[in-house]
Amino acid sequence: MRAFELMKETFFRRTYIWMVHVIWLALYGVFWWLFLPDALEFGRFLFIWAGFFLPLALSAGIFGDDIASGRICVIVTRPFWTGELYIFRVLGLSLQAAVHLALAGALVLVLHAIMRKGQVDNLGIWLLATWLLFNTCAALSTSLSVVVGRAFNSLLLLVVIVTGYFLVGLLSMYLRDQASAGALASFIRYPWPPFELLYKFAAGEWGQYAPTVGKYSVNKSIACIVHSLMLMLVYSIIGIVLLGRQQFSRVRD
């Protein structure tokens with residue numbers, strides 16, 4: 001029962017959360033209606049908006065607001081392991097994403113059936129990759145929220161990732177023919193949110209090298225999924241440790 005209550009509390013934490021879901025779903029419909037994208041174009045759009053921007057919107061201030069306002073003391077009035085609050089809030093976000101992406105997929109299929117245009121090839125793969133990216137970004141943003149006041153965790157993550165990838169792009173161009181370029185690419189590819197790995201997984205860029213039958217390499221796909229789940233676990237462990245070390249106060253900041 002406690003798990004259900006904590007996950008439900010994540011859903012109803014803020015009124016605007018439902019507005020975010022509706023606005024995002026409307027964006028998918030408008031994008032499909034206006035541009036009639038092919039599978040890759042729509043997959044890329046869904047991957048960025050639902051995999052990266054949606055977790056930032058849903059996790060803004062997920063702990064920072066409660067800690068700053070003193071509400072966290074009301075939530076944890078009964079003694080229990082504070083890691084539970086973190087785990088079930090992240091699971092609540094993940095469940096929201098699963099429902100959101102299921103609705104997005106149903107919306108696209110309905111529009112495709114009505115208009116008889118556009119492509120829905122590999123839509124399920126794109127939805128899975130987007131959900132995996134959502135989970136890693138949500139866990140990272142939630143961990144930041146433990147130590148960053150109010151809703152600045154999402155803003156900080158947005159600025160760091162956009163700036164980081166911009167600087168990495170410049171460095172990659174500068175170090176193109178040097179051995180350090182490979183080390184830089186590995187550093188970005190593995191400890192950071194798995195944008196590149198999941199994008200290649202969904203786009204089927206490994207197909208020509210696949211040792212198995214079909215467009216996708218089963219071995220590489222499984223490795224990519226496992227890596228994404230491991231990142232989520234690592235980000236979550238960091239957040240749980242930070243939350244356990246926090247001293248909460250009923251006084252507002």
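Only the coordinates and a few stated rules stand behind these numbers; no lab work does. What you see is a predicted model, and the numbers here were worked out from it, not measured in a lab. Note that each Cβ is placed from the backbone with ideal geometry, even for glycine, and that neighbours are counted across all protein chains shown.
Among PHE201, PHE12, PHE42, PHE53, the ranking by other beta carbons within 10 Å of each residue's beta carbon, starting with the fewest, stands as PHE12, PHE53, PHE42, PHE201. Derived scalar couplings between HN and Hα for the range 36-47 equal 6, x, 7, 4, 5, 5, 5, x, 5, 4, 4, 4 Hz in order, rounded to whole Hz, by the Karplus curve 6.51 cos²θ - 1.76 cosθ + 1.60 (θ = phi - 60°), x for Gly and Pro. Where the centre of each part is set by its Cα atoms, how far does the range 1-75 sit from the range 101-136, in angstrom? Going from one Cα centre to the other spans 17 Å. Between VAL110 and GLU84, the distance separating the two model label sites (each 7 Å from Cα on the Cα→Cβ line) works out to 3.8 nm. Counting neighbouring Cβ atoms within 10 Å and putting the fewest first, the residues THR15, THR10 line up as THR15, THR10.
Across the range 146-160, rounded Karplus estimates of 3J(HN,Hα) from the backbone phi angles (6.51 cos²θ - 1.76 cosθ + 1.60, θ = phi - 60°) give 5, 10, 10, x, 6, 9, 6, 4, 5, 5, 4, 5, 4, 5, 5 Hz, Gly and Pro being marked x.
By the count of other C-beta atoms within 10 Å, a proxy for reagent exposure, PHE166, PHE195 are ordered fewest to most as PHE166, PHE195. Across the range 22-30, computed HN-Hα scalar couplings (Karplus, 6.51 cos²θ - 1.76 cosθ + 1.60, θ = phi - 60°) run 5, 5, 5, 5, 5, 4, 4, x, 5 Hz from first to last residue, x flagging Gly and Pro. Label-to-label distance, LEU40 versus TYR165, with points set 7 angstrom from Cα along the beta-carbon direction: 1.7 nm.
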